[in-house]
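J.: Next up is a structure, given as structure tokens.
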Amino acid sequence: MSASAADSQVSQAPAPSSRRRADKRLMAGVALSHTPDWVTLAFDRPRLALSSAVVNGGLRHCRRWLNLRVDGAAVHIAESPATTVARLCQQQGWAGDTQGMMTAASMNSLRIRRARVCGEDLAVLVTTGLANARRAGDRAEYLALGDLSPTPGTINLAIVTSARLDPAVMVDITITATEAKAAALQDLGIRSPVSGAIATGTGTDAIAVFSGPGPTQVLYGGKHTLFGQQLARLVMAAIVDSVQQQGSVDQCPPHRSALDEDDSVRHVL
């Protein structure tokens, strides 16, 4: 969710003991927790992240990613997103910088899709809400640069890898993932209520890309590369399964994939 949309939500962080919590290891150095109110990734060390998150977005290091469910029906500002996220972190005992997204979508829409690419881990996490579906270039409802949008419904994406990423590759990965999101909505036949054309996203989507510790470095993340191919397939699978509420929440890759065993494709990272 964008900063303008999140600012228009009334959001109260859940009490620490109010919801059942599921904890697991996503990959080395990354712990996953989720409840009906939020999903979070905790990193064992600060990770470089590129994100449009409403709290601590931009290019920066962080110790945690949070996707928090808020009240999509609320239209008045109760508090800033940063205050909401800070209170939840304090209640949960989470230390370190947290990168926070917000959504009115149900956490039942959470889907996690993973792969091994040339020996490196790659995971995509998504929650989806489509009440706010739009096609890029649709007529805008808010015409001033500071206008706030209270419309709920968003697609929040997090991309995590064990491989090392520099900022330029993170931008490349963001482009590939965004194109894959648009392709998934096209396959699903999701249309914009404004233009009636195939939607390319929602008006308040957010994305985060997290670098790993390496030592392997991804040099390119576009559509000609194996990394870009696998990333796009994971994003499309996660979004389709999330929207259609199908498949398990988390699907792990085999211990070894054919790609791991094919030395001819190792150079593409």
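The values are calculated or read from the model by the stated rules, or taken from the named source; none is laboratory data. These numbers come from a predicted model, not from an experiment. Note that we place each Cβ from the backbone using ideal geometry, even for glycine, and neighbour counts take in every protein chain shown.
J.: If I ask for residues that are among the hydroxyl-bearing types (Ser, Thr, Tyr) and modelled with pLDDT under 95, which ones from the stretch 99-140 would you list? Spell out the reasoning first.
T.: Residues of the stretch 99-140 that are among the hydroxyl-bearing types (Ser, Thr, Tyr), as a first pass: 103, 106, 109, 127-128.
Passing the criteria: 103, 106.
Yes/no per residue for (1) over 19 Å from the mean Cα position of the chain (by Cα); (2) free of Cβ contacts under 8 Å to residues at least 12 places away in the same chain; (3) under 23 Å from residue 241 (Cβ atoms); (4) crowded, with 20+ Cβ neighbours inside 10 Å:
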{"residue": "124", "(1), (2), (3), (4)": "no, no, yes, yes"}
{"residue": "132", "(1), (2), (3), (4)": "no, no, yes, yes"}
{"residue": "153", "(1), (2), (3), (4)": "no, no, yes, yes"}
{"residue": "166", "(1), (2), (3), (4)": "no, no, no, no"}
{"residue": "175", "(1), (2), (3), (4)": "no, no, yes, no"}
{"residue": "187", "(1), (2), (3), (4)": "yes, no, yes, no"}
{"residue": "193", "(1), (2), (3), (4)": "yes, no, no, no"}
{"residue": "197", "(1), (2), (3), (4)": "yes, no, no, no"}
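J.: Checking the conditions here, which among 197, 180, 208 is touching a Phe, Trp or Tyr at 6+ places or on another chain (Cβ under 9 Å) and farther than 18 Å from residue 120 by Cα? Spell out how you get there, then give the answer.
T.: On the way: 197 fails: touching a Phe, Trp or Tyr at 6+ places or on another chain (Cβ under 9 Å); 180 fails: touching a Phe, Trp or Tyr at 6+ places or on another chain (Cβ under 9 Å).
Only one candidate passes the filter, namely 208.
J.: Does residue 171 fit the bill of being buried (at least 16 other Cβ atoms within 10 Å of the Cβ), β-branched (Val, Ile, Thr) and not in a loop (DSSP other than H, G, I, E, B)? Can you show your working first?
T.: Values: buried (at least 16 other Cβ atoms within 10 Å of the Cβ): no; β-branched (Val, Ile, Thr): yes; not in a loop (DSSP other than H, G, I, E, B): yes.
Judged against the criteria, residue 171 is not a match.
J.: A further question on this structure: Here is a list of conditions, (1) within 19 Å of the chain's Cα centre (by Cα); (2) assigned to a loop (DSSP other than H, G, I, E, B); (3) under 22 Å from residue 28 (Cα atoms), and residue 230 meets all of them except one; can you say which number that is?
T.: Answer for residue 230: the failing condition is (2).
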